[in-house]
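Here the structure is laid out as structure tokens; the discussion comes afterwards.
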């Protein structure tokens, strides 16, 4: 009885969604209103409008709000029933084969429902406002530059993957890196060594990623193409896995991005080790994760400084080894003034963060911690503001963090020395028979402390050997971080998760983020020669007040923007929904044009729309100095790919399009095509506008 009720309600709601999905997708497409079928389209529009009115009146009584009321209530009911039905069928399926088959059917049905829900969240029922949004000049320019980029199929909650892949496709640095890496993974020497040697050097995941990014960047002309991520995910270790009911679990786009870049980095290191003749076992990934982090600076890795070593901001954006002064890494080592410490940039998203933790009383830092990172994480504060500037969040990131109630080795030994000197004076005045021995021991301990205090830094071993627990002194330390060498591709993740003290739950902060197209990060970069080792001083030497500033005189602006640190926005990932569930879309720059891509739905966008977008979750910037020139205006659009499985001769608009989900066997599927309203003659455009007004 319970199962029958569940299935009846789910089937009813899903049927409505599947029916309406195809109708909305069809009437959101400009090809419906071409001059050839304009009269038929009017009748179809009237019929579809009447259907919406009847449905709305049945469930709510209002034409505009009734449809959405039913949708919201239907979604809530479906999700509740889906959760209980999934548990019911999976539990009974252990004993009865019928329930196993039914459970499998419900899983596929859930994936279809997820796709339909994604379509509504991005298109809506009345998205025809986009149809005439762009002028014919934008449309013609896009066609001359190659037309549509590719879209990605939503295989059940895969929007978090699709948005990241679309964003990475806009980066010339990442595509060029993958191209060079995969081309060089089979060098001439390895090819001469036979088939097995060549097979070992291959990087299957990087190959699949590059192939997919190239397809997304293809010039598809008047029609869009939808691709699947099946080959990529099959070669991705520790990648997302499908759940029992709604396909892939709803995951974080930033987590997928990190997992993807880690996989590329592991393959790169594995190939490099094999080229050097080192044996790499099957557990390479596991052993790599257990290796020391780059924040643990071993003295054995120090090298003598030599000409040609890349340091500071030299050759910014280049990959390979970069060097930092060894004296900043471990000042306690003697004779390190002429030595450097190497760090390695593997991918274009790798950047170098320098972090200083020091005592506000004595200024000791214990050295600068350098860490290679693949992104910058920013957090939206929890307050009543409705909008924030990206620069304000970055200012908050570099702001010194105060840490109270911690031990400082130097301050602790100084405090101990002061206490021992008082005891020494008492022992010298004492007439006790043991006073002489106590004076001798106390003087020896004070001498040892003085010797330790003369060192540049006091390590934990020396401190633990000399201090006593009853003479500890708590101090205040300051923690602060800057970029020491920013990456070629700057990935910024905006953390929108906030803890609500009223409900004791984690929710999403929906505040708007205001970000620029061009971003200069000079104020957030501290090169090694610009770092103050004294924690009582500003992190950067350039920020130290000068005598002219102290006297009230006008000083030279030390924060003048460095043109080498100028970045240009390449793509944006936005999230719509709640903290636990929602939908990701991507805005990406491709061939001089901005595109809004929601899985397989691709349409032309604009810089204004990108800057006004809501729910900004990730930003991808690329060094302006290394950005390639834009494509020439006159190019020939590639209409087909060698692996096309179907063809379509109809034409399409760059305003909006949608395509059906490809089957499991299809890796690539060309979608239906459209004719732009901008290409109509003046009379046809008037009729087109009137047809919409009659809805």
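Please treat every number below as a calculation from the coordinates, not as lab data. Since the model is a prediction, treat every value here as computed from it, not as a measurement. Counting neighbours? That spans all protein chains shown, and the Cβs are built from the backbone with ideal geometry, glycine included.
What to note about this one:
- The stretch 303-360: C-alpha gyration tensor shape, a/c 1.5 cut-off, then a/b vs b/c: oblate
- Residues of the stretch 387-402 with amide N under 12 Å of the 7 Å Cα→Cβ point at residue 512: 387-389
- For the stretch 434-557, the relative contact order works out to 16 percent when only alpha carbon pairs closer than 8 Å and six or more residues apart are counted.
- The stretch 409-472: C-alpha gyration tensor shape, a/c 1.5 cut-off, then a/b vs b/c: prolate
- Computed E for residue 625/residue 276 - FRET, C-beta separation, R0 35 angstrom, nearest 0.05: 0.60
- Cα gyration tensor category, rounded, prolate or oblate, for the stretch 426-511 with a/c compared to 1.5: oblate
- Between the C-alpha center of the stretch 385-443 and that of the stretch 203-223 there is a gap of 59 Å.
- Subtracting the Cα-Cα distance of residue 179 and residue 401 from their residue separation scaled by 0.36 nm leaves 75.8 nm.
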